[in-house]
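> Below is a structure I'd like to ask you about.
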Amino acid sequence: MATRLRLSSAVALVTGAGSGIGRAVSVRLAQEGAAVAACDLDGAAARETVRLLDRPGSEKKAHAAFQTDVSEAGSARRLLEQVQACFTRPPSVVVSCAGVTRDEFLLHMSEDDWDKVIAVNLKGVFLVTQAAAQALVSSGCHGSIINISSIIGKVGNMGQTNYSASKAGVIGLTQTVAQELGRYGIRCNSVLPGFITTPMTQKVPQKVLDKMWQMWSPS
Ligand code: NAP
């Protein structure tokens, strides 16, 4: 008997889908049968992800790539319109993976580095969550919104005041959205990964990595 795919009728929107966790999430969602709308600031990277999903042997689905800056309100709104137009319905699964780091100790952190990280990691999650929720509520569809936070949002990390604040913000935003949208059949959850090797973490200096392993690896 053929295995029933859990997401065979779902459209899944993934931001930050051109790299790291967002690309891996896109692959997994496609394996579960979802049609994936892969969004990234880097449009070519998003298209490359879609090419991976369309590999022979994977479920035959019409996936699509979108170039979007999630930190810009007009772009986030247009993204949802484009996804809805492309798949004829709003995404019922939304995974916000887009994120950046601009690490520096508090004593030296520039306002620009603070603003950039908050704009992408926190405002970007707000804009995508709001646009997706509005599309789902106005079409009467249920859905699941998943926002990628970080363990750093709970415990902090040296050199990451901006990043830890943005990720703590994502946790609070997600808990509140879950309370507001439950009545519409829309779930909202955050995931707090630990350290995962991706292009983002390749920028972390080795001595910082060593310190993190010391703190987090089981003794
Ligand atoms: P990554 O490989 O750098 O992927 C992040 C993606 O987001 C990149 O493709 C990036 O595009 C894209 N992006 C950046 N700014 C954007 C914007 N304004 N609009 C749309 N897309 C944008 O990083 P990752 O490690 O997979 O991280 C994914 C998420 O998991 C992030 O939210 C990160 O904070 C979180 N996380 C990661 C770890 C870890 O250890 N890796 C741990 C906890 C949480 P460009 O490359 O063009 O900038």
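The values are calculated or read from the model by the stated rules, or taken from the named source; none is laboratory data. Keep in mind the model is a prediction, meaning the values are calculated, not measured. A quick note on method: Cβ atoms are made from the backbone with ideal geometry, for glycine too, and the neighbour counts reach across all protein chains shown. Side chains included, ligands, DNA and RNA excluded: accessible areas come from the protein's heavy atoms. Shrake-Rupley method; radii C 1.70, N 1.55, O 1.52, S 1.80 Å.
> Does segment 112-122 contain at least one residue that is in contact with a helix residue (DSSP H, G or I) (Cβ under 7 Å, 6 or more places away or on another chain), assigned to a strand (DSSP E or B), at pLDDT 95 or above and β-branched (Val, Ile, Thr)? Show your work before the answer.
Initial filter on segment 112-122 (in contact with a helix residue (DSSP H, G or I) (Cβ under 7 Å, 6 or more places away or on another chain)): 113-114, 117-118, 121-122.
Then drop every residue that is not assigned to a strand (DSSP E or B), which leaves none.
Checking segment 112-122: not a single residue is in contact with a helix residue (DSSP H, G or I) (Cβ under 7 Å, 6 or more places away or on another chain), assigned to a strand (DSSP E or B), at pLDDT 95 or above and β-branched (Val, Ile, Thr).
> So which of Arg4, Arg89, Arg23, Arg51 is within 14 Å of the ligand (Cβ to nearest atom) and either free of Cβ contacts under 8 Å to residues at least 12 places away in the same chain or among the charged types (D, E, K, R) (or both)? Steps first, answer last, please.
Values: Arg4 fails: within 14 Å of the ligand (Cβ to nearest atom); Arg89 fails: within 14 Å of the ligand (Cβ to nearest atom); Arg51 fails: within 14 Å of the ligand (Cβ to nearest atom).
Step by step, each of Arg4, Arg89, Arg23, Arg51 is checked, and only Arg23 is within 14 Å of the ligand (Cβ to nearest atom) and either free of Cβ contacts under 8 Å to residues at least 12 places away in the same chain or among the charged types (D, E, K, R) (or both).
> Whether any residue in segment 123-132 is free of Cβ contacts under 8 Å to residues at least 40 places away in the same chain, within 13 Å of the ligand (Cβ to nearest atom) and part of a helix (DSSP H, G or I) is what I want to check.
Within segment 123-132, not a single residue is free of Cβ contacts under 8 Å to residues at least 40 places away in the same chain, within 13 Å of the ligand (Cβ to nearest atom) and part of a helix (DSSP H, G or I).
> Please return the ranges of strands (runs of 3 or more DSSP E) entirely within segment 1-110 where 2 or more residues are closer than 22 Å to Thr174 by Cβ and open to solvent by less than 40 Å² (accessible area, probe 1.4 Å). It would help to see each step written out before you state the result.
Numbers: elements: 11-15, 35-40, 64-67, 93-96.
The qualifying strands (runs of 3 or more DSSP E) are 11-15, 35-40, 93-96.
> For a quick check of your reading of the model, give me the residue pairs whose first member lies in segment 143-166 and is within 19 Å of Leu209 (Cβ to Cβ), whose second is part of a strand (DSSP E or B), with beta-carbon atoms closer than 7 Å and at least 6 apart or on different chains.
Pairs found: Ile152/Gln160; Gly159/Glu104.
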